[in-house]
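Remarks on the structure that follows.
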Amino acid sequence: MITRPRFLVALLCLIASALSAAAQDTPAARLRRDVTFLASDECEGRGPGTKGIDLAADYIAKEFAKAGLKPGLGEKGYFQPFSISGAARLESPGRLTLKGPAGQEIVLKPGVDFQVLGLSGAGKVDAPLVFAGYGVTSKDAMYDDYAGLDVKGKVVVVLRRVPRWDSKEMPFAGKNRDVLAGLVNKFANAEAHGAAAIILVNDRSETASKTPDKLMGFGDTSFDGARSAPVVQMRRDQLDSIFRSVLSRSLIDVEKAIDA
């Protein structure tokens, strides 16, 4: 049996609880609750490709359902697939293995001996290496690294920049050389000649920098102009070893010959 004082206390508690629930369900309160969650660290800025954007999407879908909103356009749920342009992601470390004429193999270490570039396409290629100088074709300069060279279906090795990069001498003086030296243009030229994959190696001008022969980061080269062929950057000493064993010449000797 409930006495009057206890009944009164119970009634007041119920009223207070109802008022509290009502206060928490006002438009302002709901808006504050939604914004607080969507702007929380847990949602990671709702950036494309993050777990946070999925959490935010699930949260919004649940709120739609609670509000009684029906999915539009005849869809079964609140989610609709669409494509957006964005930066590439390296889902797993790349692999690069050099095979010699006698069957010997050299397995290069990712991040140490080579680096997959953000402009790279996905794929697996097993093909002969072909050295294509700087990989430059220029009618204005009457220069073509691919002249007389068959690279179709092969892995093309090219140097960064253009010949005589540190020199003001022709034929690459002026603004045109920056376009020819650009990674997007250089890789597109290799693909246009049928290259199945591309290996980029720093030119000798990089040896005089504060960080000689530095590998570019994946994110630093992840921008518009991505290729369909796999693209990696390899350290100079690896290419130098190939030249010394096959041509009995150093990489620098080969560069000087091209510059001349």
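The values are calculated or read from the model by the stated rules, or taken from the named source; none is laboratory data. Just so you know, these numbers come straight off a predicted model, no measurement behind them. When we count neighbours, we look across all protein chains shown, and the Cβ atoms used for this are built from the backbone with ideal geometry, even at glycine. When the accessible area is computed, the model is the full protein with side chains, heavy atoms only, and any ligands, DNA or RNA have been set aside. Shrake-Rupley method; radii C 1.70, N 1.55, O 1.52, S 1.80 Å.
Just need a number here: residues in segment 155-173 that are open to solvent by less than 50 Å² (accessible area, probe 1.4 Å) and either among the hydrophobic types (A, V, I, L, M, F, W, C) or more than 24 Å from VAL116 (Cβ to Cβ) (or both).
11
Tell me which residues, restricted to segment 233-260, are open to solvent by 20 Å² or more (accessible area, probe 1.4 Å), on the phi < 0 side of the Ramachandran plot and outside any helix (DSSP H, G or I). Hits for segment 233-260 are ARG235, LEU247, ARG249, ALA260.
Take GLY68 and tell me if it is out of contact with any His (no Cβ under 8 Å at 6 or more places or on another chain), farther than 25 Å from ASP25 by Cβ and open to solvent by less than 100 Å² (accessible area, probe 1.4 Å). Taking the combined requirement at face value, the residue does not satisfy it. Residues that are basic (Lys, Arg) and surrounded by fewer than 17 Cβ atoms within 10 Å (Cβ to Cβ) within segment 113-154 comprise LYS124, LYS139, LYS152, listed in sequence order.
Filtered by the rule that a residue be free of Cβ contacts under 8 Å to residues at least 24 places away in the same chain and either acidic (Asp, Glu) or not in a loop (DSSP other than H, G, I, E, B) (or both), segment 107-144 gives VAL107, PRO110, ASP126, ASP144. The number of residues in segment 174-184 that are out of contact with any Asp or Glu (no Cβ under 9 Å at 6 or more places or on another chain) and surrounded by fewer than 18 Cβ atoms within 10 Å (Cβ to Cβ) comes to 5. Taking the criterion of being assigned to a helix (DSSP H, G or I), among the aliphatic types (A, V, I, L, M) and within 22 Å of LEU129 (Cβ to Cβ), the residues of segment 182-219 that qualify are LEU183, ALA188, ALA190, ALA192. Select from segment 220-232 the residues that are charged (D, E, K, R) and either part of a loop (DSSP other than H, G, I, E, B) or over 17 Å from LEU90 (Cβ atoms) (or both) and list them in ascending order. Across segment 220-232, the qualifying residues are ASP224, ARG227.
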